[in-house]
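To start, the structure itself, in structure tokens.
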Amino acid sequence: MLRVDSLDVAYGEIRALKGVGLEVGRGEIVTILGNNGAGKTTTLKTISGLLRPLRGTITLEADPLVGVPPHEIVRRGVAHVPEGRRIFNRLTVRENLMMGAYRRTDGGIAADLERVFTLFPRLKERRTQVAGTLSGGEQQMLAIARALMANPRLLLLDEPSMGLAPVLVEQIFHAIADINGQGMTILLVEQNAAMALSIAHRGYVLETGSVALAGTAAELSGNADVRRAYLGE
Amino acid sequence: MDYPLLLGIFPQVLLDGIILGFMYALIALGYTMVYGVLEFINFAHSEIFIVGAFVGVEILLSLRSAGVLDTLPWPLVLLFVLVAGMAISGALAVTVERIAYRPLRTAPRLIPLISAIGVSFFLQDLIRLVESIWRNAFNLVYPTMDQLNYRFELTETIDVPVKSLVVIAAALAMLWVLHVIVNRTTIGTAIRAVAEDQAAASLMGIDVNRIISLTFLIGGAMGGAAGVLFGVQYGLINPYSGFIPGLKAFTAAVLGGIGNIPGAMLGGLVLGLLEAFAASYLSLLTAGAFGAEYKDIFAFSILILILIFRPKGLLGEVVRGRA
Ligand SMILES: Nc1ncnc2c1ncn2[C@@H]1O[C@H](COP(=O)(O)OP(=O)(O)OP(=O)(O)O)[C@@H](O)[C@H]1O
Ligand SMILES: [Mg+2]
């Protein structure tokens, strides 16, 4: 579904990605692991159009994405849950969700609203509440739900576990696995490698802007370097 | 002290203050909406406002020279003039943003500000040039419409001209429409989303540049409407007439909390009332020591005090989220 080839991205003089390539097949959860500053967020931002690569190609079902503005990429079926959630604090929960569906003209918005409320019943209880007053876990749920409202083909998730208590991390990952179970293709960036590998089919390890390792979740979980560097052994 | 006089003029002063306040509120919206989405002060807004007044006077003068100004129904004429002023001021604001601000979006903050001041001077002198070629005039007087000048005499000291009621009604209607657009529609929600976080908004599929243009369009249109109402109410305009009301409206926006839409409305009303009361009562209360010409000093002193004790304005500055 998504194919990224020899991607180079820089912030001014700082080279953040050097020749990154990866692939995500339909229906898969693919995870990108890596330490702070490895370039995970940069990769997602480039896919969703927030950053322009110096070099390289990105295609969504053979459709080139490089140079397409972010608001247009959303319309083509890529929804990005950014690092730090970035929900609209001054909007209500419901308004946030409606913003997720901003570009849609099909009749499925009401049904999708029900769908995300079923996935995250807490959001339904709080739909008239201003989003800035939600707890951290609820904000993460809202960020994911808001992306789902775009009815995407591909969901990009940037560190959904960030800053959450372990029990909430469990809950969020459960929801992600659920969403995937309903057919959604997911590219998941995580520092919590154990959690990510527990639900992913495949994964890539980024090190200082390059792919250092790639394989199935089982292969990566069994790899000695991965175990040492990312699984704390 | 002449208490009956002080009391007697009170309703009149209150009315003047409210009219002035709505005028400031309408203009202030342009400053505050643009600030809300871009954290940028559009100093050319005072000229966008006065262009509305010029559009109005040109249409009214043309109608008068065609001899139809007093035969056409006045509500229709006024509505047409308002819509035309809004359309042209709105389009001008959008154009100015495209040409003079958008290319500087990523430049240091001072640069677009200087550009805005430049646009302000440019527009002032452009209006002056056009009017001196076209009419060979500097000051223009709004043609009067008889029905609009009819006055309801309430008491000996108080009378209310129809035009003042019309100005208040039009301003109220516009503020209400704006409120509905911003708070109850999808596009309004998108404006608020862009104001909070442009990158996140673009990830929702919102075309941020279009929303920014829309913000200039709405703010400019409100300014244009204020320009027409200003002309109808006060009668005399020249190419530099926008500057002082613009500055005061900007002050009103800061007073209410810059970036905050209800704040701009409140700030405008407060400033208008302060100014009207200062203008009428200062000399009476100080036995002539301070005349009406001190009204601005008085109004701005109170403003400074409010800002010292409530630096974010009456309703609070809207602080933008992560950019
Ligand atoms: N806006 C920016 N300006 C300059 N350099 C940046 C910017 N954003 C990221 N970088 C640099 O690019 C590199 C990759 O950053 P990125 O945010 O993609 O890392 P990450 O893998 O997401 O890290 P983390 O796990 O901490 O979120 C880092 O060296 C970072 O310092
Ligand atoms: Mg990151």
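The values are calculated or read from the model by the stated rules, or taken from the named source; none is laboratory data. If you're wondering where the values come from, they're calculated on a predicted model, not measured in any experiment. Reconstructed Cβ throughout: ideal geometry from the backbone, glycine too, with neighbour counts over all protein chains shown. What goes into the accessible areas is simple: the full protein's heavy atoms, side chains included, and nothing from ligands, DNA or RNA. Shrake-Rupley method; radii C 1.70, N 1.55, O 1.52, S 1.80 Å.
Looking at (1) within 14 Å of chain B (Cβ to nearest Cβ); (2) free of Cβ contacts under 8 Å to residues at least 40 places away in the same chain; (3) within 16 Å of ligand 2 (Cβ to nearest atom), which is the one condition that is false for A:I47?
For A:I47, the exception is condition (2).
Which ones in region A:142-176 are within 12 Å of the chain's Cα centre (by Cα) and within 16 Å of ligand 1 (Cβ to nearest atom)?
A:A143, A:L156, A:L157, A:D158, A:E159, A:P160, A:S161
So which residues in region A:62-96 are of a type in the set (V, I, T) and away from ligand 1 (no atom under 16 Å from the Cβ), if there are any at all?
Looking only at region A:62-96, we keep the residues that are of a type in the set (V, I, T), and these are A:66, A:68, A:73-74, A:78, A:81, A:87, A:92-93.
Of everything in region A:62-96, those that are of a type in the set (V, I, T) and away from ligand 1 (no atom under 16 Å from the Cβ) turn out to be A:V66, A:V68, A:I73, A:V74, A:V78, A:I87, A:T92, A:V93.
Please note which helices (runs of 4 or more DSSP H) are completely contained in region A:189-233 and include at least 2 residues that are basic (K, R).
Numbers: elements: A:193-199, A:217-222, A:224-230.
Output list reads A:224-230.
I'd like the residue in region A:97-118 that is crowded, with 19+ Cβ neighbours inside 10 Å and either assigned to a loop (DSSP other than H, G, I, E, B) or touching a residue at least 40 places away in the same chain (Cβ under 8 Å) (or both) and, out of all such residues, is farthest from the other protein chains (Cβ to nearest Cβ). If you could, list the steps in order and put the result at the bottom.
In the first step, residues of region A:97-118 are kept if they are crowded, with 19+ Cβ neighbours inside 10 Å; the result is A:97-102, A:112-113, A:116.
Keeping just the survivors that are either assigned to a loop (DSSP other than H, G, I, E, B) or touching a residue at least 40 places away in the same chain (Cβ under 8 Å) (or both) gives A:97-102.
Values: A:L97: 10, A:M98: 6, A:M99: 5, A:G100: 6, A:A101: 8, A:Y102: 5 Å.
Here the residue is A:L97.
I need the full set of residues from region B:105-121 which are in contact (Cβ under 8 Å) with a residue 60 or more places away in the chain and in a helix (DSSP H, G or I), in order please.
Scanning region B:105-121 gives B:P112, B:L113, B:A116, B:I117, B:V119, B:S120.
For A:N36, only one of the following conditions fails: (1) under 26 Å from A:A177 (Cα atoms); (2) away from every other protein chain (no Cβ under 14 Å); (3) away from ligand 2 (no atom under 16 Å from the Cβ). What is its number?
It is condition (3) that A:N36 fails.
Which of the helices (runs of 4 or more DSSP H) found entirely inside region B:1-104 contain at least 2 residues meeting this: hydroxyl-bearing (S, T, Y) and either open to solvent by 20 Å² or more (accessible area, probe 1.4 Å) or under 18 Å from B:S120 (Cβ atoms) (or both)?
On the way: elements: B:3-8, B:10-38, B:45-65, B:74-96.
Ranges flagged: B:10-38, B:45-65, B:74-96.
Okay, residues lined up against (1) modelled with pLDDT of 95 or more; (2) within 16 Å of ligand 2 (Cβ to nearest atom):
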| site | (1), (2) |
| --- | --- |
| A:V68 | yes, no |
| A:P82 | yes, yes |
| A:R103 | no, no |
| A:K124 | yes, no |
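Check off (1) more than 14 Å from every other protein chain (Cβ to nearest Cβ); (2) away from ligand 2 (no atom under 16 Å from the Cβ); (3) touching a residue at least 60 places away in the same chain (Cβ under 8 Å); (4) in contact with a helix residue (DSSP H, G or I) (Cβ under 8 Å, 6 or more places away or on another chain) for A:E61 and give me the number that stays unchecked.
It fails just one condition, (4).
For region B:184-207, which residues satisfy the criterion of being more than 9 Å from chain A (Cβ to nearest Cβ) and in contact with a helix residue (DSSP H, G or I) (Cβ under 8 Å, 6 or more places away or on another chain)?
At the first step, the residues of region B:184-207 found to be more than 9 Å from chain A (Cβ to nearest Cβ) are B:184-185, B:187-188, B:191, B:194, B:198.
Residues satisfying the conditions are B:I187, B:G188, B:I191, B:V194, B:Q198.
Quick check: anything in region A:21-29 open to solvent by 70 Å² or more (accessible area, probe 1.4 Å), over 23 Å from B:A200 (Cβ atoms), assigned by TED's automatic domain parsing to the domain that holds A:E61 and within 12 Å of ligand 2 (Cβ to nearest atom)? Steps first, please.
Going residue by residue through region A:21-29, those that are open to solvent by 70 Å² or more (accessible area, probe 1.4 Å) are A:23, A:26.
Applying the additional criterion that residues be over 23 Å from B:A200 (Cβ atoms) yields A:23, A:26.
Among the residues that remain, those that are also assigned by TED's automatic domain parsing to the domain that holds A:E61 are: A:23, A:26.
Cutting the leftovers down to within 12 Å of ligand 2 (Cβ to nearest atom) gives us none.
No, region A:21-29 contains no residue that is open to solvent by 70 Å² or more (accessible area, probe 1.4 Å), over 23 Å from B:A200 (Cβ atoms), assigned by TED's automatic domain parsing to the domain that holds A:E61 and within 12 Å of ligand 2 (Cβ to nearest atom).
Within region A:5-15, track down each residue that is within 14 Å of ligand 1 (Cβ to nearest atom) and surrounded by fewer than 24 Cβ atoms within 10 Å (Cβ to Cβ).
Result: A:D8, A:V9, A:A10, A:Y11, A:G12, A:E13, A:I14, A:R15.
With the requirement that a residue be under 19 Å from the mean Cα position of the chain (by Cα) and of a type outside the set (D, E, K, R), what does region A:80-97 give you? Outline the logic, then answer.
Our first condition is that a residue be under 19 Å from the mean Cα position of the chain (by Cα); within region A:80-97, this holds for A:80-88, A:96-97.
Across region A:80-97, the qualifying residues are A:H80, A:V81, A:P82, A:G84, A:I87, A:F88, A:N96, A:L97.
Among the residues of region A:157-186, count how many are more than 15 Å from ligand 2 (Cβ to nearest atom) and part of a loop (DSSP other than H, G, I, E, B).
In the first step, residues of region A:157-186 are kept if they are more than 15 Å from ligand 2 (Cβ to nearest atom); the result is A:164-186.
If we keep only those that are part of a loop (DSSP other than H, G, I, E, B) as well, we get A:164-165, A:182-184.
Selection size over region A:157-186: 5.
Among the residues that make up region A:124-140, is at least one of them open to solvent by 10 Å² or more (accessible area, probe 1.4 Å) and either closer than 29 Å to A:L17 by Cα or within 16 Å of the chain's Cα centre (by Cα) (or both)?
Yes, that holds for at least one residue.
Within region A:189-215, restricting attention to residues that are among the charged types (D, E, K, R) and open to solvent by 30 Å² or more (accessible area, probe 1.4 Å), which residue is farthest from A:T43 (Cα to Cα)?
Taking region A:189-215 and keeping what is among the charged types (D, E, K, R), we get A:190, A:202, A:207.
From what is left, the residues that are open to solvent by 30 Å² or more (accessible area, probe 1.4 Å) are A:202, A:207.
Details: A:R202: 17, A:E207: 12 Å.
Selected residue: A:R202.
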